[in-house]
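Read-outs throughout are calculated quantities, based only on the coordinates presented, and are distinct from any laboratory measurement. Computed from a predicted structure; not experimentally measured. With ideal geometry, Cβ positions are generated from the backbone for all residues, glycine too; neighbour counts draw on all protein chains shown.
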Amino acid sequence: THNLYFFHELIKLSPKSKDDRNFKRDYRLFRITKNEFSTITEIQKNSIQNEYQSLWQILKDAKEEKVNKIIIPNIMRNILEYYFGFVHRTDSLQNELTKLAKDEKNSDFRAFYRYINRGSHSDSVNITDMGDIDPDKYLKQLKNIFSATGDEKHYAKMMDEIDEEIATA
């Protein structure tokens, strides 16, 4: 389902194991990932928790080439707007984006900035082929934004680079 409310209802009503962390043996949920070919993977009870975490999961899937790369700019833009809007630091985000875009030594960031601004909106005039996009190149720039704003632990946690205990310490 694409409906997270319905997904959470499935989780809430699911038969639980004794430890309440997993499903009973005869109950399973699966994630279907569509790209060139569809893949089906089993997911655990706590695999998807909210829309924001789903955006990060899509980025991780893109990094592993499980989803089409064309969605990367829109997902990155949504993550930035969602996170910095939630923590009431959109001014901090804009300041760092401007600083990083003016940095002469980091031409990759300027390309990234154009990429998330242009690639995240429909454009019927300038058709773009994103077939050769390297997700790691743009993930590095996204990480730079979180580092520049002092939120590198959040990025690392969401990309499963560190444990939650370290991220909240």
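Taking the number of Cβ atoms within 10 Å of each Cβ as an exposure proxy, the fewest-first ranking of F84, F30 is F30, F84.
A straight chain from N106 to Y27 at 0.36 nm per residue would run longer than the Cα-Cα distance by 23.5 nm. With both labels modelled 7 Å from their Cα along Cα-to-Cβ, the F37 to R114 distance reads 3.6 nm. With R₀ fixed at 45 Å, the C-beta to C-beta distance from E64 to N95 puts the FRET efficiency at about 0.85. What relative contact order, as a whole-number percentage, does the stretch 37-109 give when Cα pairs under 8 Å and 6 or more residues apart are counted? Computed value for the stretch 37-109: 19 percent relative contact order. Which of the lysines could a cross-linker bridge to K153, judged by Cα under 23 Å and excluding same-chain residues fewer than eight apart? The qualifying lysines are K60, K63, K99, K137, K140, K143.
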